[in-house]
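S.K.: I have a structure I would like to understand better, so I am pasting it below and will then ask my questions one at a time.
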Amino acid sequence: MNKSLPTLDTVIPRPVSATAAGGQFTLSPNTSIYIEPGSPELTGIGQYLADKLKPATGYKLPVLSLAGSPAKGSIYLTTKDRDANLGEEGYLLTITPDQVTLAAYQPAGLFHGIQTIRQLLPASIEQPAPQPGPWVIATGTIRDYPRFTWRGSMLDVARHFFSVADVKRYIEELTYYKMNRFHLHLADDQGWRLMINSWPNLARIGGSTAVNHDPAGYYTQAEYSDIVSYAANRYIMIVPEIDTPGHTNAALASYPELNCNGIAPDLYTGTEVGFSSLCVDKEVTYKFLDDVIGEIASLTPGPYIHIGGDEAAATQPADYKKFIERVQTIVQAHGKQMVGWEEISNVDLLPPSIDQYWTNPQQAVKAAQQGAKVLFSPASKTYLDMKYDSSTPFGQDWAGFIELQDAYDWDPTTQTAGVPETDILGVEAPLWSETMRTIQDVEFMAFPRLIAIAEIGWSPLAGKSWKDFSTRLGAHAPRLDGMQFNFYRSKQVPWK
Ligand code: NGO
């Protein structure tokens, strides 16, 4: 057995089950990727796999519709047997000396299985230019499916603005760890980042600033749609957020009529929170929200609209309740489910709302008691803007330092006593960008902690081990290098 060959138990996130058979499959210049005929969706997935394997192997890897049985030495992707027990995202990977067969109930499962195939090839497979090989995979079987339905990350493009190319790069990074949600924090005090045709000054004026007068901007609707379809092609759903009723200075500065006193405040480039509020008693506020939510709903195929709701310190509690209860009917009128930060549990929530827990466990419990599902983003574990330690060049520390082991060694079922696993939708790691200006800064803070969060979201709790995770991650480093991730080399990991 080739010593440098990854074994089946090195995959991240750790699969549900992996059984080694002791042999080897070898990818050759003649390898084809077969898909079952008649599915443009599967052609796309096959092509994605070919595109990932081509640069390092230099092989042609044609994607072919299967007629008869696959040739020896090929890879076969299929949803034909439709084993419903694998669920929407699970897959069964069978590797024999003659063939790699990836089977799933749904295409999303194939897409996740492809990430496993990539990780089973030698690490040099992720290099951008031809490498010597040989391209060997250990034989055996992996049967795998996720623990939670929501596994994601949030990027704050409001405090600092990130280009479409940067956002796509981040989305692509999420796919390698089988994540399926990307939450875009599109508006805050410092910037409004999406063109709303019925209220164009939001982007034109509100999008003209960022923290510290750094470069700003906004996405056109065509650019937003491009991000949505780029993500959808990778089985990642976009969750757009417009933060309300607080965190709204950029909107208030763009339209005087949204202010209770009718006067637009100055644009804001600082990092304080909790000073702005939409005018709860003005009817135009709800016309504004109906227009904004309506446009975003029509651009967003996923079922969720995130309305923020956090830190509304400039809104009276009674006003907050009145406001959120009205906003949730607007979201539902546009055919979507409302997601909000944990504070929305202070109002009477309509099902099927989602409460995103970030700092106060009582709020999460209150939301669950109302029948809402809870998304876990505890700041002290999942906030990617917290520093690793006192020497981290970016980030904040209000929720403490988060070293890699802190991000890994916790579980949603024990983090908040009182929210049963059946009410836990999943995990999401937010990256707030007050102190991050470039996508390289973002990557340094996200990786490798996001990998730990991905494993919490995907892998079964039974068998979870920090030692095992850190060993697997250490061996994984050449892949991160190959993909040119700018990641933090935590001293807690035995890096290879
Ligand atoms: C808080 C706050 C954000 C900050 C972030 C910084 C939530 C939900 N609201 O989290 O506005 O950017 O902390 O860590």
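S.K.: Using θ = phi - 60° and the Karplus relation 6.51 cos²θ - 1.76 cosθ + 1.60, list the HN-Hα couplings for the range 419-435 in order, rounded to whole Hz, with x at every Gly or Pro.
M.R.: Karplus-based 3J(HN,Hα) across the range 419-435 equals 10, x, 3, 5, 9, 8, 6, x, 10, 9, 9, x, 10, 8, 10, 3, 10 Hz.
S.K.: Roughly how many nanometres apart are two label points built 7 Å out from the Cα toward the Cβ at Ser69 and Asp81?
M.R.: 1.4
S.K.: So what is the calculated 222 nm ellipticity per residue for the chain, using -39500 (n - 2.57) for each DSSP H run with n of 4 or more, over all residues, to the nearest 500 deg cm²/dmol?
M.R.: Only helices count here, giving -9500 deg cm²/dmol.
S.K.: Apply 1/(1 + (r/R0)^6) to the Cβ-Cβ distance of Leu5 and Glu283, taking R0 = 56 Å, and write down the FRET efficiency to the nearest 0.05.
M.R.: 0.25
S.K.: Here's a follow-up. In what sequence, highest mean first, do 51-64, 191-204 appear when ranked by Cβ atoms within 10 angstrom? Write down the numbers at each step before the final one.
M.R.: Values: 51-64: 17.1, 191-204: 20.6.
With the highest mean Cβ count within 10 Å placed first, the list reads 191-204, 51-64.
S.K.: If you don't mind, there's one more thing I want to ask. What FRET efficiency, computed as 1/(1 + (r/R0)^6) with R0 = 41 Å and r the Cβ-Cβ distance, is obtained for Arg326 and Trp466, rounded to the nearest 0.05?
M.R.: 0.35
S.K.: Among 392-405, 286-299, what's the highest-first ranking by average C-beta atoms within 10 angstrom per residue?
M.R.: Per-residue mean Cβ counts within 10 Å order the peptides as 286-299, 392-405.
S.K.: What is the antiparallel percent of DSSP beta bridges lying wholly in the chain, to the nearest 5?
M.R.: Antiparallel: roughly 30 percent of the beta bridges in the chain.
S.K.: Okay, moving on. State the extension gain, in nm to one decimal, for the chain segment bounded by Gln362 and Leu350, taking 0.36 nm per residue of separation less the distance between their alpha-carbons.
M.R.: Net length gain for the segment: 2.4 nm.
S.K.: Same structure again: Extending each Cα 7 Å along its Cβ direction at Phe401 and Lys496, get the distance between those two points in nm, one decimal.
M.R.: Reported label-point gap for Phe401 and Lys496 is 2.9 nm.
S.K.: To the nearest 20 Debye, how big is the dipole of the range 92-190 about its Cα centre, given +1 on the beta carbon of each Lys and Arg and -1 on that of each Asp and Glu? Spell out each step's value before the answer.
M.R.: Values: 9 positive and 9 negative charges, 54 e Å.
Approximately 260 debye in magnitude.
S.K.: Post the alpha-carbon centroid distance, the range 164-188 to the range 121-161, in whole angstrom.
M.R.: If you average the Cα positions of each part, the centres end up 14 Å apart.
S.K.: Among the listed pairs Lys80/Lys168; Lys387/Lys464; Lys168/Lys464; Lys287/Lys381; Lys60/Lys467; Lys54/Lys491, give every one whose C-alpha distance is greater than 28 Å.
M.R.: Lys80/Lys168; Lys168/Lys464; Lys287/Lys381; Lys60/Lys467; Lys54/Lys491
S.K.: Against the longest principal axis of the chain, how steep is helix 107-120, in degrees 0 to 90 to the nearest 10, with axes from Cα atoms?
M.R.: 60
S.K.: Between Asp98 and Glu41, what FRET efficiency comes out of the Förster formula 1/(1 + (r/R0)^6) with R0 = 30 Å and r the beta carbon distance, rounded to 0.05? Write down the numbers at each step before the final one.
M.R.: Numbers: r = 26 Å, r/R0 = 0.88.
So the FRET efficiency works out to roughly 0.70.
S.K.: Near the amide H of Arg147, under 5 Å away, which other amide H atoms are found, from residues 5 or more places off or on another chain, if H is placed in the peptide plane?
M.R.: So Arg147 has HN proximity to Trp458, Ser459.
S.K.: Based on DSSP, what percent of beta bridges with both residues in the range 8-144 are antiparallel, to the nearest 5? Could you put the intermediate results ahead of the total?
M.R.: On the way: 18 of 29 bridges.
Of those bridges, close to 60 percent are antiparallel.
S.K.: Give me the distance in nm between label points sitting 7 Å out from Cα along the Cα-to-Cβ direction at Thr269 and Thr438, one decimal.
M.R.: Spacing of the two 7 Å Cα→Cβ label points: 2.0 nm.
S.K.: Still on this model: Length gain on complete extension for the stretch Thr220 to Tyr255, per 0.36 nm per residue less the alpha carbon to alpha carbon distance?
M.R.: 10.7 nm
S.K.: Using the Cα centre of the range 256-385 as origin and beta-carbon charges of +1 (Lys, Arg) and -1 (Asp, Glu), tell me which of Ala364, Ser380, Ala313 is placed farthest towards the positive end of the dipole.
M.R.: The one lying farthest along the dipole's positive direction is Ala364.
S.K.: Take every Cα-Cα pair in the range 8-144 and report what % of them are more than 21 Å apart.
M.R.: Value for the range 8-144: 35 percent of Cα pairs lie more than 21 Å apart.
S.K.: Moving on. Treating each Cα of the chain as an identical point scatterer and ignoring solvent, apply the Debye formula and state log10 I(q)/I(0) at q = 0.11 Å⁻¹.
M.R.: For the requested q values the scattering log ratios are -0.91.
S.K.: Quick one: which residues, 5 or more positions from Thr244 or on another chain, have an amide H under 5 Å from its amide H? H modelled 1.01 Å from N in the peptide plane, none for Pro or chain starts.
M.R.: Amide H neighbours of Thr244, under 5 Å, 5+ apart: Gly308, Gly309, Asp310.
Read-outs throughout are calculated quantities, based only on the coordinates presented, and are distinct from any laboratory measurement. These figures come from a predicted structure and were not determined experimentally. Methodologically, a virtual Cβ is constructed for each residue, glycine included, from the backbone with ideal geometry; neighbour enumeration extends over all protein chains shown.
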